[in-house]
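Inspection log for the structure reproduced underneath, given as structure tokens.
Only the coordinates and a few stated rules stand behind these numbers; no lab work does. Note that this is a predicted model, so its numbers are computed, not measured. Cβ placement follows ideal geometry from the backbone for every residue including glycine, while neighbour counts extend to all protein chains displayed.
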Ligand code: IPM
Ligand code: MG
């Protein structure tokens, strides 16, 4: 799973003699997953040619389709494929067909949570970007965000109330008792905090810790830990604190005030959906879930969109930008990542729009045409 021995693409951006190989586990999943994945791989291949990376794709089943085929949302074979890979490119999982299963067996929970745990994917980056051209797609009044906005939700992903023990339901007199435990220890906070500060440094150098320190013990530990790390290691990054309820409100009133928002697991889950909705189109937003080292899982922030699956109209941009994040974080190929991001911006600037971001006067296209427009602009 390591790319340590591979030369950096940054060092050889043109016509390499022997391209380095990057092995990718491709888990397209359900709903629009397969079609946006199919649209993405040619874009990856094109940057691979330009920047000297040979991609090897190993496809594996995940989610509802894996349940239908093998009885499990995350079959052992899929896990093995992921273990052999340098990174996972993930589509999306779930859909109405599997909603009546008991929650622990539903595709989202039964595939994503074990993958996060198995690979130690503790840092979850969910950018919520509203492009200036697409301000109209945001539910916020355009005059409040004349130039769009760019917020990075940085979510702790393997701890907190999702995984804390004890957890469970027991019978008591008169009913049942259900327990979830919100627990954090200093090292878990420290590693994700350092990663978030490093990310902030590459942006506007502003980090906001989202917590509930007026009520929760765990939030007090987060505050104390984050403060100490900032003072010792990142004095150049501005740090402030906000209660999660206020953060939810401020994201709607003035998202431009935020740069990096560091959140514990559940607060990040909630605020990242809100931030994505405020940004306008879920079809545009990628995400990265990173482990220690270079391994990561990359997936669109939006879901399976079952209502439009199979129609060829889904926006492939979130999946394509997820591939860009993979190049950046797992393959140390910043120029290749930038080439994809620039091509996406160029396609938007040239008026290409899938249905989710369409406005009159622009060029409405389907999944394949959008991907082709982006591919043609990769350089
Ligand atoms: C997400 C999802 C998951 C989560 C669910 C499906 C388990 O909502 O990735 O945000 O809560 O983390
Ligand atoms: Mg969520």
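Just how many % of Cα pairs in the chain lie over 41 Å apart, if you round to the nearest whole percent?
10 percent
Size descriptors for region 139-279, from the alpha-carbon set: Rg then Dmax equal 16.7, 58 Å. Protection proxy ranking, highest mean first, for peptides 153-162, 179-188, 317-326: 317-326, 153-162, 179-188, where packing is the per-residue count of other beta-carbon atoms within 10 Å, averaged. Shown is the FRET efficiency for residue 358 and residue 273, computed with R0 = 22 Å from the Cβ-Cβ distance and rounded to the nearest 0.05: 0.45. By the count of neighbouring beta-carbon atoms within 10 Å, fewest first, 81, 304 end up ordered 81, 304. When both region 197-240 and region 60-86 are represented by their alpha-carbon centers, they are found 37 Å apart.
For region 316-374, the spread of Cα coordinates along the three principal axes comes to 39, 16, 16 Å, biggest extent given first.
Here the Gaussian network model covers the chain, with springs between Cα atoms less than 10 Å apart; of 272, 330, 218, 218 fluctuates the most.
Considering only the chain, what is the antiparallel percent among its DSSP beta bridges, to the nearest 5?
If I count the DSSP bridges inside the chain, around 40 percent turn out antiparallel.
Available extension along the chain between residue 338 and residue 368 is 8.7 nm, counting 0.36 nm per residue and deducting the alpha carbon span. Each part reduced to its alpha carbon centroid, region 25-46 and region 320-345 end up 15 Å apart. For region 241-295, what class follows from the C-alpha gyration tensor (a ≥ b ≥ c being the square roots of its eigenvalues): rounded when a/c is under 1.5, otherwise prolate if a/b is larger than b/c, else oblate? Oblate.
Translational diffusion of region 74-139, estimated by Stokes-Einstein from the Kirkwood radius over alpha carbon pairs at 37 °C in a medium of 0.692 mPa s, is 224 µm² per second. When the chain is treated as a GNM, springs tying every alpha-carbon pair under 10 Å, which of 273, 356, 236 comes out with the largest mean-square fluctuation? Most flexible of the set in this elastic network: 236.
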